[in-house]
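Okay, so here's the structure we're looking at.
The values are calculated or read from the model by the stated rules, or taken from the named source; none is laboratory data. Being a predicted model, the structure only gives us computed values, none of them experimental. Virtual Cβ from ideal backbone geometry, glycine too; neighbours counted across all protein chains shown.
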Amino acid sequence: MMSRPKFFFLFLLLTIPLCAGQAFAQSETPETPLCTVLKDPRAYDHKYVKVRGTIRLGFQDFTLHANDCTTKPDIWLMFAGDVATPTESTAGDTERTPNQNIVFAGSAFALTKDDNFLKLFSLITARRDKNPLYRVTATLTGGFFAAGSKLLTSGGTKLTSAYGHLNCCNLLLITAVSDVESDPPASSAVDGQVVSESGDPVAGVTVINKTPTPQPQLRAVSTNSEGRFHFAYPGQVLQFRKDDLRPLTELLDLTASEIRVVLHDSKLTDWTIKACTEAQQNQKRIGSDLTFELPSGAKFRKEGKRPPFTYYVTYAGDTSGLKIAFDPKAGESEPRADWFLTISTDERWIKDAAGKVIGIDAEGLWANNNRWRFTTFRNQAAAQYATTATTATFYNLVMTSACQSATGATPNP
């Protein structure tokens, strides 16, 4: 997968030159009708505001709206703290450095991550395919930046400040959330129990809760002696991990307050990576210690002048390709959480000849019949694609041809 552009987010930081250290006065911010702010945005420029409205989150859209006001431009939303914008757009900002507050307009902005924030983020990111499951209204406090409020010079060209997708909007940098409501209502928490095929509770299962966003909000717990776990205001993605049980990812019904999950023995589905045979060593393959066959019809390009190398394998005119990163860090990565918004998902452990887990193989089917697959090989590599059913079949031949070179001497083409 290609890296996402960050150029516009950098533009935002460069085009609001407040003095470093200048701060907003956030405490006891009075609530102002959203329409009042929209009708005279410059009166609130570079000030803290508290406004209430309906949040709209979709592809290239993260904006705040009032039912009784159609004044343009809209207000684009961003979170303070380390919370990335939960949708892709020309504004970028889909990745943030964990535990580091965003610095904007010369000041660092922190975000209050309380239950109100968890509830808001859970509800606005919940999806059925690409469609939002809830209409969410909330009161938001944050720093406000008016579009068109600053005329700046860059290389002799005058620039007007504007924010969001294609410079659409004013900006609210959210620092606190309160009074979150949804239509329809959602449960405030989920309690669950993990059991085996025989119905016995399973202790020590790692349960990971994520939001289906490019950089998810993530929490993890372990099941207790009764196999139970709990999350308040959970995200939509639940993952269950224990080495001797088949890994499982499910989409949570956010109206449910209690769920029961059955995990199966992994032995029947484990993928064991074996040593390359002599015949495999003589094939056209890429990699070094871990290698993959390049079947007839495959094209590839190699990135990197020195290790770690990344290969992009393509077939039959597909431009997205199969990406194989021979990088120990890539081998520790996970599929994008928003990829799990699927009709079906299938997962299995990847193990070495001794039965030790060395990775995970996950694949999914989207509603448009396109497929994705994400496979990690711990401390070695990761392979992934998101493509049509036809090219997915071909890329699966490449991925399942993985074997371990006995000598590590297989050359890279």
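With the condition kept exactly as written, say whether any residue in the stretch 272-289 is under 24 Å from Leu365 (Cβ atoms) and among the hydrophobic types (A, V, I, L, M, F, W, C). Scanning the stretch 272-289 turns up no residue that is under 24 Å from Leu365 (Cβ atoms) and among the hydrophobic types (A, V, I, L, M, F, W, C). Among the conditions (1) within 16 Å of Thr393 (Cβ to Cβ); (2) in contact with a strand residue (DSSP E or B) (Cβ under 6 Å, 6 or more places away or on another chain); (3) free of Cβ contacts under 8 Å to residues at least 12 places away in the same chain; (4) of a type outside the set (Lys, Arg), the only one that Ser296 does not satisfy is (2). Scanning the stretch 366-388 for residues that are among the hydrophobic types (A, V, I, L, M, F, W, C), in contact (Cβ under 8 Å) with a residue 60 or more places away in the chain, touching a helix residue (DSSP H, G or I) at 6+ places or on another chain (Cβ under 8 Å) and within 20 Å of Thr269 (Cα to Cα) turns up at least one hit.
Mind checking which residues of the stretch 49-84 are at pLDDT 95 or above and among the hydroxyl-bearing types (Ser, Thr, Tyr)? Scanning the stretch 49-84 gives Thr54, Thr63. The combined condition, being of a type in the set (Ser, Thr, Tyr) and over 27 Å from Ser196 (Cβ atoms), is not fulfilled by Thr249. Elements of the type strands (runs of 3 or more DSSP E) sitting completely within the stretch 30-148 and holding at least 3 residues that are in contact (Cβ under 8 Å) with a residue 60 or more places away in the chain and either touching a strand residue (DSSP E or B) at 6+ places or on another chain (Cβ under 7 Å) or closer than 30 Å to Asn369 by Cα (or both): these cover 47-58, 61-65, 75-79, 135-145.
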